[in-house]
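Here's the structure, in structure tokens; my notes come after.
Bear in mind that the values in this text are calculations on the coordinates, not laboratory data. Computed from a predicted structure; not experimentally measured. Positions of Cβ are generated from backbone atoms using ideal geometry, with glycine treated the same way; all protein chains shown enter the neighbour counts.
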Amino acid sequence: MTTSAVALVGADDKGTLTTLNIQNTLTINNGKVNVQGNVLYGIGTKDLSGTVYDGNFIHNLKLNLGPGESNEGMSVVKVYNLPANGKLTGIQDGVDGLHLFFYNVGTGNIQFMDESDINSAGSLAENRIKVLAGSETISGQGCVELLYDGTSQRWLFLSIHD
């Protein structure tokens, strides 16, 4: 049996009850709460003009995703000013379940390298990317979808929108 919830009741640390109205975004199905509706994605930015290359490889890219940093909690990070085409072997600050859209708004090509590529050893193991196709490339403007798996401590390459 599915029912729609109209409010939630919560208590503060003094035991005072408060009712929070909700607008058809929650349903209860056999004792489980489900969230429905639109998902809003926070959009951040990262200037890559100071990116350090090892040959043409970019290791341990810092997108400022960590606690207290400018892109903490952002689902989309628009990157720009890549100084040259690069092969990306890892991204810092992954946490379990983090869903990231890496959106290149510049003209430089970014190739995402699989963790098995020998050059990926330039990134720390927990920053590496699992790309089933071996590698994928954004040719100029485009976007890739990544998910961080805390168990394997890897970014999982989900899709490319080039």
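Details
- Length-normalised contact order of the chain in % [C-alpha pairs under 8 Å, at least 6 apart]: 17 percent
- Beta bridges per DSSP with both ends in the chain, % antiparallel, nearest 5: 65 percent
- Label-point separation, S152 to N30 (7 Å along Cα→Cβ), nm: 2.9 nm
- Residues of the stretch 51-93 with amide N under 11 Å of the 7 Å Cα→Cβ point at C143: 75-78
- Over all other residues within a Cβ to Cβ distance under 12 Å of Q111, the charged ones net out to -3, with Lys and Arg as +1 and Asp and Glu as -1.
- About its Cα centre, the chain has a charge dipole of approximately 240 debye under the convention of +1 per Lys or Arg Cβ and -1 per Asp or Glu Cβ, with nothing else charged.
- Taking a sphere under 10 Å around the Cβ of K62 and counting the other residues whose Cβ falls inside, with K and R at +1 and D and E at -1, yields a net charge of -1.
- From the coordinates shown, Cα Rg over 2.2 N^0.38 Å corresponds to which of (i) 0.98; (ii) 1.03; (iii) 1.31: (iii)
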